[in-house]
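A.B. asks: Mind having a look at this structure? Questions to follow.
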Amino acid sequence: MPEIWNETGPLPIGHVGPTAVRPAPELSGQKPVRRPEDPTRHVPAHSRTADGPGLASRARSPQTDRRPIVGSADHTRVICVINRKGGVGKTTTTFNLAGGLAQMGKQVLVIDMDPMGSLCRSIGVFPAEQALSDLLIGANGNLGALIRSTHIPNLFVVPGDPNLRTFEMRHGTSVVYRESLSNQLQEILKWKPFHFILIDCPPSLGLISGNAMAAAHQVIVPVDGSTYGMGALMDTLGIIRLVRENVNEGLGMCGLLLNNVNLGTVYDRTILDVFRRRMRGAMFQTVIPTSPEADEASQLGEPVTQHAPSSWMAKAYRQLIEEVLAKEPNYAT
C-alpha cells in the first residue's frame, strides 16, 4: 500500500498533522549555460485559445511580482510538461524523466495535475480523502500531507484526482486561483527542497496548466509529427508567452521534445528537420524513438531506464536527462 510521505518518514494514509523542520540536504548546483532562442517570442502577444481564460489578464496582482520558487538551501528546479494536444507523450516524458533523475540520486517530486491521474495510477498510487483539488481551492491542509512515497527510490508523487476537472470548470475564468499551486509549493520547500519538481499537465491550456506554469521555472513541450501537432504547439507557445508576461516573468523554455520518432522513415526525418528549422534551436537534440519498451515499462510501473536499460529508448532518455541538467534556468529573474 502506498504511503504518505513527510520529512520524518511515511505516515498512515489520511494523516494530516504538524511537520517538524529539518536541515535541508546538500544539493549539487549546475553551471548555467546559454539557453536556446525562445520560440514563444515569435508568437503574437494577442494569441490565446478558448480553454485559456484567466491567464491573459494584463493586470498583475501583488502576489505575481515575485521570483520563481526556490528551496531553502540551493535551488529546486520546477519544470512543467505541457502541450494542448493529447497523445504527444506528456505523461510518459514526465515519468521517465523523473525516474531517470531519481536513479541518479536526485530527490524528485512529481505532481500529477491531470484529472485522469494516469501517471500515479500506473505506479499504484491513488488520491486519499483529501486531494490536490481541495488544496487548490483553499481547503485547510498542506501539500506535504499529499506527498506519497513510491517503490522507486528518491521518487515521490502527489496524485491527481478527478475533481481537478471540476476545479477548472468552476473557476477557470478567475484569476484568484491561478497561483494556488505556487503558494502550496512555497510552503513545502521551506522544509523539503527537492532537487526537481516535475508537473504533469492535462491536454488543455486552462486553469490547471496555468497553475503549473505559474509555479514553474521552465517548461518542456513534448510534440509529435501529426498533422495537427504544429497548430497545437503554436497555441501552447502562445499561452506560455502570456503567462510569462502576466503571471510568471521567470518562466523559461527548457526545450521542445519530439516523441514517437522513426528516423528510418522519410516522413519522420522531414518532420524533425522542419521542427528544427522553425523552432530555431529550441528543440532538444534528443528525439524519443517509437518503441514497445515504453508501453511495457508503463504497464509495470517502471521507468524505461530501469525496465530496459540497454534499449534505444532508455539511451534516449538518459541523453535527454543530460540535456535537461545542462539547461539551468535563470533563477535571478
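A.B. asks: Would you check which residues across region 74-123 are part of a loop (DSSP other than H, G, I, E, B), among the aliphatic types (A, V, I, L, M) and under 21 Å from Pro289 (Cα atoms) and list them?
C.D. replies: Matches in region 74-123: Ile82, Val88.
A.B. asks: Out of all the residues in region 234-258, which are under 19 Å from Phe284 (Cα atoms) and either without any contact (Cβ under 8 Å) to a residue 40 or more places away in the chain or surrounded by fewer than 21 Cβ atoms within 10 Å (Cβ to Cβ) (or both)?
C.D. replies: Selection gives Met234, Leu258.
A.B. asks: Which residue is nearest to the chain's Cα centre (by Cα), if the candidates are limited to region 217-240 and must be assigned to a helix (DSSP H, G or I) and of a type in the set (A, V, I, L, M)?
C.D. replies: Ile240
A.B. asks: Applying the selection to region 287-332, what residues are closer than 16 Å to Ile79 by Cβ and either charged (D, E, K, R) or surrounded by fewer than 19 Cβ atoms within 10 Å (Cβ to Cβ) (or both)?
C.D. replies: Within region 287-332, Glu322, Glu323, Leu325, Ala326, Lys327, Glu328, Asn330, Tyr331 qualify.
A.B. asks: Taking region 284-306, which residues are free of Cβ contacts under 8 Å to residues at least 40 places away in the same chain, closer than 11 Å to Leu258 by Cα and of a type in the set (A, V, I, L, M)?
C.D. replies: The one that is free of Cβ contacts under 8 Å to residues at least 40 places away in the same chain, closer than 11 Å to Leu258 by Cα and of a type in the set (A, V, I, L, M): Val287.
A.B. asks: To continue, here is another question. In region 122-158, which residues are without any contact (Cβ under 8 Å) to a residue 24 or more places away in the chain and either surrounded by 20 or more Cβ atoms within 10 Å (Cβ to Cβ) or not polar (S, T, N, Q) (or both)?
C.D. replies: Ala139
A.B. asks: If a residue must be assigned to a loop (DSSP other than H, G, I, E, B) and surrounded by 15 or more Cβ atoms within 10 Å (Cβ to Cβ), how many such residues does region 263-280 contain?
C.D. replies: 1
A.B. asks: Considering each of Arg165, Arg170 in turn, give the residue that is in a helix (DSSP H, G or I) and more than 18 Å from the chain's Cα centre (by Cα).
C.D. replies: Just one listed residue meets the conditions, Arg170.
A.B. asks: I'm trying to understand the selection: among the residues of region 244-262, which are under 19 Å from Met230 (Cα atoms) and not in a strand (DSSP E or B)?
C.D. replies: Residues of region 244-262 that are under 19 Å from Met230 (Cα atoms), as a first pass: 253-262.
Of everything in region 244-262, just one residue is under 19 Å from Met230 (Cα atoms) and not in a strand (DSSP E or B), namely Asn262.
We did not get these values from a lab; they are worked out from the coordinates using the rules stated. Treat the numbers as computed from the prediction; the structure is a model and nothing was measured. Neighbour counts run over all protein chains shown; Cβ positions are idealised from the backbone, glycine included.
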